[in-house]
């Protein structure tokens, strides 16, 4: 089994792990039980490392894809935003999303993907979110009313007509001193954890560098 812990021989590992479990766990000797636990920990550690490395590589590659969108020429308005949103949703395996970009007259929807209906009057919800950012609130703080004990009304406001709960995610990028906002995306609340901050930053920077969105300092 020690050889099989390289995980290159997955079927071999699973087969021998089961045999070890039958022998070790059925033993009343603490030493054998401890050896089984150690072997399993040794096998899982490399797999976790490999998975993390693959995830980081995939994220970095997607960041590069999004960054290159700023160099492309698009004939249609908001085509770049649609391409960025599609890339983001594909990477996160998310079925629905709405992207707003900051223009001279406020946030305007630039792209949407998926069949889920949005919350009613979502433009107003987004405007309120923007006002809170302008007032100096961090995006996480702005979202906090949705999580508090008195959040029922706020949470209901971000609910779609079919009962789907949505929530905003800011598109920001920055340097060592300042943080700039170019837009936001609205996604299902249950999908929030799927979006790496690196990708949101990449989209924000691309929107800024291409001139497709204005920026506002939020930090």
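The values are calculated or read from the model by the stated rules, or taken from the named source; none is laboratory data. Computed from a predicted model, the values in this text were never measured in an experiment. Don't worry about glycine lacking a Cβ; one is built from the backbone with ideal geometry, like all the others, and counts go over all protein chains shown.
Yes/no per residue for (1) at pLDDT 80 or above; (2) touching a strand residue (DSSP E or B) at 6+ places or on another chain (Cβ under 7 Å):
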{"residue": "135", "(1), (2)": "no, no"}
{"residue": "166", "(1), (2)": "yes, yes"}
{"residue": "177", "(1), (2)": "yes, no"}
{"residue": "184", "(1), (2)": "yes, yes"}
{"residue": "193", "(1), (2)": "yes, no"}
{"residue": "215", "(1), (2)": "yes, yes"}
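Just so you know, in segment 35-59 the residues that are in contact with a helix residue (DSSP H, G or I) (Cβ under 8 Å, 6 or more places away or on another chain) and modelled with pLDDT of 60 or more include one that is farthest from residue 210 (Cα to Cα), and it is 58. When residues in segment 90-104 are screened for being in contact with a strand residue (DSSP E or B) (Cβ under 7 Å, 6 or more places away or on another chain) and closer than 21 Å to residue 123 by Cα, 7 of them pass.
If you go through segment 91-136 and keep only what is free of Cβ contacts under 8 Å to residues at least 24 places away in the same chain, within 21 Å of the chain's Cα centre (by Cα) and exposed (fewer than 12 other Cβ atoms within 10 Å of the Cβ), you end up with just 115.
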